[in-house]
1. Between the helical axis of 290-299 and the dominant principal axis of the chain, each derived from Cα atoms, what acute angle in degrees is found, rounded to the nearest 10?
2. For the chain, find the longest principal axis of its Cα atoms and tell me its angle to the long axis of helix 338-357, 0 to 90°, nearest 10.
3. Let me check something: with ligands and nucleic acids excluded, how do R170, R362 order by accessible area (1.4 Å probe), largest to smallest?
4. Counting pairs on different chains as well as pairs 8 or more places apart, how many Lys pairs in the range 265-398 have Cα atoms under 28 Å apart?
5. Evaluate the charge dipole of the chain about its Cα centre and quote only its size in Debye, nearest 20, assuming +1 on the Cβ of each Lys and Arg and -1 on the Cβ of each Asp and Glu.
6. With charges set only on the Cβ (+1 for Lys and Arg, -1 for Asp and Glu), what does the dipole of the range 235-314 come to about its Cα centre, in debye to the nearest 20?
7. For K29, list the lysines whose Cα falls under 25 Å from its own Cα; do not include residues on the same chain fewer than 8 positions away.
8. How large is the helix-only mean residue ellipticity at 222 nm for the chain, computed as the sum of -39500 (n - 2.57) over DSSP H runs with n ≥ 4, divided by its residue count, in deg cm²/dmol to the nearest 500?
Amino acid sequence: MKVLCILYDDPKEGMPKNSPLKNLPKLDKYPDGMTMPSPKGRDFIPGQLLGCVSGELGLRKFLEENGHEFIVTNSKDGEGCEADKHIVDADIVISQPFFPYYLTRQRIKIAKNLKMAITAGIGSDHVDLQAAIENNIDVVEVTFCNSRSVAEHIVMMILSMIRDYHNQHRIVNEGGWNIADAVKRSYDVEGMHIGTVAAGRIGLDALRKMKPFDVHLHYFDRHRLPKNVEKDLNLTFHESVESLVEICDVVTINCPLHPETENLFDEKLISKMKKGAYIVNTARGKICNREAVVEALKSGQLSGYAGDVWFPQPAPNDHIWRTMPNHGMTPHTSGTSLSAQARYADGVREILECFFEGSPIRNEYLIVQNGKLAGMGAHSYSKGSSTSGFEEAANYKK
Ligand code: NDP
């Protein structure tokens, strides 16, 4: 079979010769008891850089020894890109949300052999799920592989924004010592109201991780958490996103992008937020309206916006979120720490092993199967597509 894999660029200075840490901590299980990805084999050392082109997700040996063709490329956008040349006869496509190959209806139409799209990570909104459903292409992702990595990033972003870390760090780098400048927007998190839109794997973990900071915790979700969890974390449940945003000083967004959540944080919803609140969005860029976020930061309706996610990706060099005031953006890195890469590389291999053997893929990994939403997809997504506007990714210049 032909496996097409789209990965992000190698480091500018080439692949690292050494890793900063010798070993990664060994994790046995996820907090809900789900087992870690468990492929039969592994051809990399956990902690190695795997998500870039030369890292190849550690899959080449396994695929080639089993007689498969393995194409890895970072050329994924614009007319004539490498990925488009290979999609026409690929059987399987692998892509990471950090550097997504947008599997649009047009691409699915020309991909005559395509059987499965694997998300090396979590969040399959870069695939036109409606077109995948109609064309009987299975979509799978490595559920839980980087959920806790993202929750750590959320805590980092909340603390660094509220305390205004970026500004203070910049002052030091520039040789300065103006303490008043450094603290004029700096607060304690203690006592604040922190709320998550969606309390799934990431949202709930972010709430758990914030609890020791002695804050008031809130959540909104389509399904309510068990009573004992609400009690342990002293959570306030909100029936609507509006009710949550009215009271919270910090809102963290942790729902998938699908037609129900696209553009959820538009001008209207942001105007209902507590004046001067902060948003942390590590879910997907398209959940927030690009212009509305910038306007709210300019007017002071928002005091800060830290996001790890953009639309499209890579974000064009002149994307207005790169230069808006009081932002703490990162280039979609929260779920691709070296620790997370080892888990999703293992997960992708587990999925491929199951697929080649004809054994079932874990239900938790399924988004679309046999022409319908399945597994996690049936629980967390709605039908449709959120890929429109993806062409702008070709405007990014290295
Ligand atoms: P989960 O599936 O565990 O959680 C998603 C939660 O979102 C579920 O509780 C679901 O509710 C809820 N939800 C879905 N639609 C809505 C809606 N319309 N309104 C409110 N809640 C909704 O996934 P994770 O927590 O692991 O990941 C969440 C998202 O985070 C991913 O889909 C992805 O987009 C993003 N992500 C980002 C990463 C990064 O690197 N920045 C890495 C990993 C994920 P219910 O199930 O109760 O219906």
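The values are calculated or read from the model by the stated rules, or taken from the named source; none is laboratory data. Because the structure is predicted, anything quoted here is derived from the model rather than measured. Positions of Cβ are generated from backbone atoms using ideal geometry, with glycine treated the same way; all protein chains shown enter the neighbour counts. Note: accessible area is taken over every heavy atom of the protein model, side chains too, but ligands, DNA and RNA are not part of it. Shrake-Rupley method; radii C 1.70, N 1.55, O 1.52, S 1.80 Å.
1. 20
2. Once rounded, the angle reads 30 degrees.
3. R170, R362
4. For the range 265-398, qualifying lysine pairs total 16.
5. 420
6. With Lys and Arg at +1 and Asp and Glu at -1, about 200 debye.
7. Excluding near neighbours in sequence, the set is K40, K209, K211, K227, K231.
8. The helix-only estimate for the chain comes to -8000 deg cm²/dmol at 222 nm.
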